[in-house]
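First the structure, in the form of structure tokens, and then the observations on it.
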Amino acid sequence: MAVIFDGKSLAESIKRKIMEEAANLPRKPGLAAILVGDDPASRLYVNNKEKDCAACGFFSRRFDLPATVSEEELLGRIDRINANAAIDGILVQLPLPASISERRIVEAIAPEKDVDAFHPLNVGRMVYGESPVWPCTPSGIAAMLDAYQIPIDGKVCVMVGRSDIVGKPMGLLLLQRNGTVIYCHRHTRDLAAMTRQADILIVAAGCPGLITSDMVKADAVVIDVAMNRDPTTGIFTGDVCFDEVKEKAACITPVPGGVGPMTRAMLMRNVLTLAKLHMGLAQP
Ligand code: ADP
């Protein structure tokens with residue numbers, strides 16, 4: 001039976017270290033979170049991010065804007081936050097209403113305050129391996145692999161999903177750490193033939209039950225990023241058939257309690273990293 005990664009405890013211990021480090025800085029690290037509209041999942045995410053800031057001793061500002069807000073108003077708001085020296089990181093909770101261009105909004109965030117590393121300049125820096133921060137889910141997964149002393153170097157890493165937020169940067173990060181990376185997506189012809197090669201299998205497709213045990217190599221490391229909410233029961237499940245795959249894998253993440261808490265902890269780590277850069281206490 002596989003080792004079950006305890007993302008929750010690990011995230012707690014990371015946040016404690018962040019809090020201790022933040023307490024010794026000349027000022028509090030600051031995060032601004034912008035929520036547009038009233039999607040319950042987005043609201044929950046932003047609430048959690050505020051809670052995490054409080055737990056880490058950070059300064060946080062929250063902007064709740066109606067779904068009817070215009071792109072110009074939102075851009076104006078971002079300009080003002082860009083100019084606010086108390087704020088080190090800015091996040092705009094995605095998705096935005098269809099009337100607003102996500103690309104225009106993301107590109108308006110000052111790159112040095114782009115806490116999610118979604119700005120094209122930072123995406124470019126990631127490709128060169130030079131970005132000070134990485135998107136939170138991929139860096140949370142890397143932190144978890146490191147904490148459990150799982151090497152990436154030379155391993156076959158299969159990434160199922162190629163979203164801009166999770167899959168693409170995850171593959172880049174694994175490549176940066178000398179993994180041999182295979183990207184799978186909707187057009188992949190024989191998904192099982194790909195996943196069976198994986199020493200490290202990371203799944204972020206949003207398809208419950210997608211990965212069954214016959215698709216996993218014995219003693220693989222299996223990371224399930226998905227959070228699929230069953231509309232009738234309200235229960236969250238991943239993309240991996242946990243009960244059967246845990247009998248075959250060497251290690252596996254639970255859903256919930258695996259990648260999710262690590263993602264939250266990495267947002268705090270990114271705010272701290274940007275704050276230290278802004279305070280002249282770290283080199284880019
Ligand atoms: P997330 O934000 O969690 O990464 P998205 O919904 O934005 O998720 O992206 C889902 C990704 O999963 C897409 O890249 C898509 O090609 C991939 N995907 C969806 N279904 C399958 C499938 N059945 N097999 C392989 N890849 C899939």
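The values are calculated or read from the model by the stated rules, or taken from the named source; none is laboratory data. Everything numeric in this text was worked out from a predicted model, so none of it was measured. Neighbour counts run over all protein chains shown; Cβ positions are idealised from the backbone, glycine included.
Looking only at residues in segment 58-95 that are touching a Leu at 6+ places or on another chain (Cβ under 8 Å) and in a loop (DSSP other than H, G, I, E, B), which one is nearest to Val271 (Cα to Cα)?
Across segment 58-95, the extreme among qualifying residues is Asp88.
For segment 100-109, give me the residue count where each residue is small (Gly, Ala, Ser) and loosely packed, with under 15 Cβ neighbours inside 10 Å.
Of all residues in segment 100-109, those small (Gly, Ala, Ser) come to 101, 108.
Those left that are additionally loosely packed, with under 15 Cβ neighbours inside 10 Å: 101.
Matching residues across segment 100-109 total 1.
Can you tell me which residue is farthest from the chain's Cα centre (by Cα) among those in segment 1-39 that are closer than 27 Å to Ser213 by Cβ and part of a helix (DSSP H, G or I)? I'd like the intermediate steps shown before the answer.
Filtering segment 1-39 for residues closer than 27 Å to Ser213 by Cβ gives 1-10.
If we keep only those that are part of a helix (DSSP H, G or I) too, we end up with 7-10.
Working: Gly7: 13, Lys8: 15, Ser9: 17, Leu10: 15 Å.
Ranking the qualifying residues of segment 1-39, first place goes to Ser9.
Looking at the structure I just gave you, is Leu91 within 23 Å of Ala143 (Cβ to Cβ), more than 21 Å from the chain's Cα centre (by Cα), surrounded by 14 or more Cβ atoms within 10 Å (Cβ to Cβ) and of a type outside the set (Lys, Arg)?
no
Report, ordered by the first and then the second residue, all pairs with beta carbons closer than 8 Å, sequence separation of six or more or different chains, a first member in segment 115-138 that is within 20 Å of Pro95 (Cα to Cα), and a second member that is among the acidic types (Asp, Glu) and within 16 Å of the ligand (Cβ to nearest atom).
Qualifying pairs under 8 Å: Phe118/Asp164; Pro135/Asp116; Cys136/Asp116.
Residue-wise test of (1) away from the ligand (no atom under 15 Å from the Cβ); (2) touching a Ser or Thr at 6+ places or on another chain (Cβ under 7 Å).
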position: Gly179; (1), (2): yes, no
position: Leu191; (1), (2): no, no
position: Val225; (1), (2): no, yes
position: Thr233; (1), (2): yes, no
position: Phe242; (1), (2): yes, no
position: Val245; (1), (2): yes, yes
position: Met262; (1), (2): no, no
position: Ala265; (1), (2): yes, no
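Anything in segment 72-109 that is in contact (Cβ under 8 Å) with a residue 60 or more places away in the chain and within 19 Å of Ile165 (Cβ to Cβ)? List them, or say none.
Gly89, Leu91, Gln93, Leu94, Leu96, Pro97, Ile100
Scan segment 152-171 for residues that are within 10 Å of Val225 (Cβ to Cβ) and either in the same structural domain as Pro95 (by TED's automatic domain parsing) or away from the ligand (no atom under 11 Å from the Cβ) (or both) and jot them down.
none
Ile202 - would you say it is in contact (Cβ under 8 Å) with a residue 60 or more places away in the chain, surrounded by 15 or more Cβ atoms within 10 Å (Cβ to Cβ), within 15 Å of the ligand (Cβ to nearest atom) and under 20 Å from Glu247 (Cβ atoms)?
It is true that Ile202 is in contact (Cβ under 8 Å) with a residue 60 or more places away in the chain, surrounded by 15 or more Cβ atoms within 10 Å (Cβ to Cβ), within 15 Å of the ligand (Cβ to nearest atom) and under 20 Å from Glu247 (Cβ atoms).
Name the residue, out of Ile78, Ile141, Ile90, that is within 16 Å of the ligand (Cβ to nearest atom) and β-branched (Val, Ile, Thr).
Ile141
Regarding segment 120-132, can at least one residue be identified that is within 20 Å of Lys49 (Cα to Cα) and surrounded by 19 or more Cβ atoms within 10 Å (Cβ to Cβ)?
No, segment 120-132 contains no residue that is within 20 Å of Lys49 (Cα to Cα) and surrounded by 19 or more Cβ atoms within 10 Å (Cβ to Cβ).
Is there a residue being without any contact (Cβ under 8 Å) to a residue 24 or more places away in the chain and exposed (fewer than 15 other Cβ atoms within 10 Å of the Cβ) anywhere in segment 150-168?
Step one: list which residues in segment 150-168 are without any contact (Cβ under 8 Å) to a residue 24 or more places away in the chain, which gives 151, 162, 168.
From what's left, exposed (fewer than 15 other Cβ atoms within 10 Å of the Cβ): 151.
Yes: segment 150-168 contains one or more residues that are without any contact (Cβ under 8 Å) to a residue 24 or more places away in the chain and exposed (fewer than 15 other Cβ atoms within 10 Å of the Cβ).
Hey, does segment 172-182 have a residue that's surrounded by fewer than 24 Cβ atoms within 10 Å (Cβ to Cβ), in contact with a helix residue (DSSP H, G or I) (Cβ under 7 Å, 6 or more places away or on another chain) and assigned to a strand (DSSP E or B)?
For segment 172-182, residues surrounded by fewer than 24 Cβ atoms within 10 Å (Cβ to Cβ), in contact with a helix residue (DSSP H, G or I) (Cβ under 7 Å, 6 or more places away or on another chain) and assigned to a strand (DSSP E or B): present.
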